[in-house]
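Okay, so here's the structure we're looking at.
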Amino acid sequence: MNKLRIGILGDGGWGTTLAILLSNKGYPVTLWGAFENYAKEMAKSRLNPKFLPGIKIPQQISITGDIKSAVSDKEIIVLAIPSQYTRSVLKKAKPCFSKKSIFLSVTKGIEISSLKRISEVIHAELGPVRLAVLSGPTIAQEVAKGIPTTAVAASGSKKIRKTIQSVFNTERFRVYTNPDLVGVELGGSLKNVIAIACGVSDGLGFGTNTKAAILTRGLAEISRLGEAMGAKLKTFSGISGLGDMVTTCISQQSRNRMVGELIGRGKTLKEIHRHMQMVAEGVPTAKSAYALSIKYKIDMPITREVYRLLYMHKSPRKAVKDLMTRKSKEE
């Protein structure tokens, strides 16, 4: 049986991890990076020191800075690009794509300029292509080390989501399917904003009571927005909702939680970005989520305070006070 040829756009930690996972299953994989010199270094050293330190990359994986070779004649194209760069990469690669390919987004973010989910950005640029989303509580380092992990493949097409499930399933990486693409995509994106709030709590020295409150009330406001945008409510209590949120809010490896912790300690966003190699998707998503809450008239107090912390230089302690002293209400 011929193995599907797979191209992965994005040589960050998650893109590299998925390349390794798929290569270990025997799939021919090409991994593309936006910076050609770094891609050449990776191809030579078989390491990704910036984004996945300490993990060896199999020789079978082709690593390239040439986008045409990464996507031409591939049956599955995985998009592992930061959300705010997805559209520009799609424009660049558009002449090389096969419209018969399955496009799989593993990016957790919402485009600021359009407020579109990444699947919507893909459709806007490429038309009615075959599409799926893979999301869940998936810290790249843990998956790369073979630590048992679950994820969800979502698509409006049962055939496509079953295909993705089959391709990515391993003994240590269990993939479920879900027809609710909107809910799975929103859960993976919006939870990053709540993770920043949890990090702020850590930075201020608060405890588990505070974090539990942020998690539960954060899930409530994400679910309200998701339902208003057409998602199924139960999706947010599943792996790609609550599961992903818990991981991102408590993991010491979570970039979004770390950004929040540094904010809580008094650092500015500009100072934090100066020392970060990797993108924390919750930072741009806070802006998108806040705009969506206004557009859909959904009350999202935690998201609102995170937005004000990041973009209006609000004091973390003032944000906490404003959250705790809002008008009393039922749960």
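Brief remarks on what is shown
- In the range 211-232, the residues that are surrounded by fewer than 21 Cβ atoms within 10 Å (Cβ to Cβ), within 10 Å of Gly183 (Cβ to Cβ) and in contact (Cβ under 8 Å) with a residue 12 or more places away in the chain: Met229, Gly230, Lys232
Here's the yes/no breakdown for (1) in a strand (DSSP E or B); (2) crowded, with 24+ Cβ neighbours inside 10 Å; (3) of a type outside the set (Ser, Thr, Tyr); (4) touching a residue at least 12 places away in the same chain (Cβ under 8 Å):
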| residue | (1), (2), (3), (4) |
| --- | --- |
| Leu104 | yes, yes, yes, yes |
| Thr107 | no, yes, no, yes |
| Leu115 | no, no, yes, yes |
| Glu120 | no, no, yes, no |
| Pro128 | no, no, yes, no |
| Ala132 | yes, yes, yes, yes |
| Ala151 | yes, yes, yes, yes |
| Ile160 | no, no, yes, yes |
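- Filter pass, Ala231 being in the same structural domain as Ile294 (by TED's automatic domain parsing) and assigned to a helix (DSSP H, G or I): no
- Checked against the criteria, Val167 counts as assigned by TED's automatic domain parsing to the domain that holds Gln141, within 26 Å of Val133 (Cα to Cα), among the hydrophobic types (A, V, I, L, M, F, W, C) and part of a helix (DSSP H, G or I).
- Scope the range 1-19; condition at pLDDT 95 or above and either part of a strand (DSSP E or B) or surrounded by fewer than 24 Cβ atoms within 10 Å (Cβ to Cβ) (or both); matching residues: Leu4, Arg5, Ile6, Gly7, Ile8, Leu9, Gly12
- Considering the range 27-46, the residues that are part of a strand (DSSP E or B) and not aromatic (Phe, Trp, Tyr) include one that is farthest from Leu9 (Cα to Cα), namely Val29.
- A single member of Ser113, Ser98, Ser83, Ser119 is touching a helix residue (DSSP H, G or I) at 6+ places or on another chain (Cβ under 9 Å), among the polar types (S, T, N, Q), outside the structural domain of Ile222 (by TED's automatic domain parsing) and modelled with pLDDT under 95, and it is Ser98.
- Residues in the range 183-210 that are surrounded by fewer than 20 Cβ atoms within 10 Å (Cβ to Cβ) and in a helix (DSSP H, G or I): Thr208, Asn209, Thr210.
- Pick from the range 1-26, criterion among the charged types (D, E, K, R) and out of contact with any strand residue (DSSP E or B) (no Cβ under 6 Å at 6 or more places or on another chain), ranking: nearest to Ile67 (Cα to Cα): Arg5
- Pair list, Cβ under 6 Å, 6 or more apart: the range 185-204 residue touching a residue at least 12 places away in the same chain (Cβ under 8 Å) and of a type in the set (Gly, Ala, Ser), other residue surrounded by fewer than 24 Cβ atoms within 10 Å (Cβ to Cβ) and not in a helix (DSSP H, G or I): Ala195/Ser254; Gly203/Arg265
The values are calculated or read from the model by the stated rules, or taken from the named source; none is laboratory data. Given the structure is predicted, the values throughout are model-derived calculations rather than measurements. For neighbour counting, all protein chains shown are included, and Cβ atoms are generated from backbone atoms with ideal geometry for every residue, glycine included.
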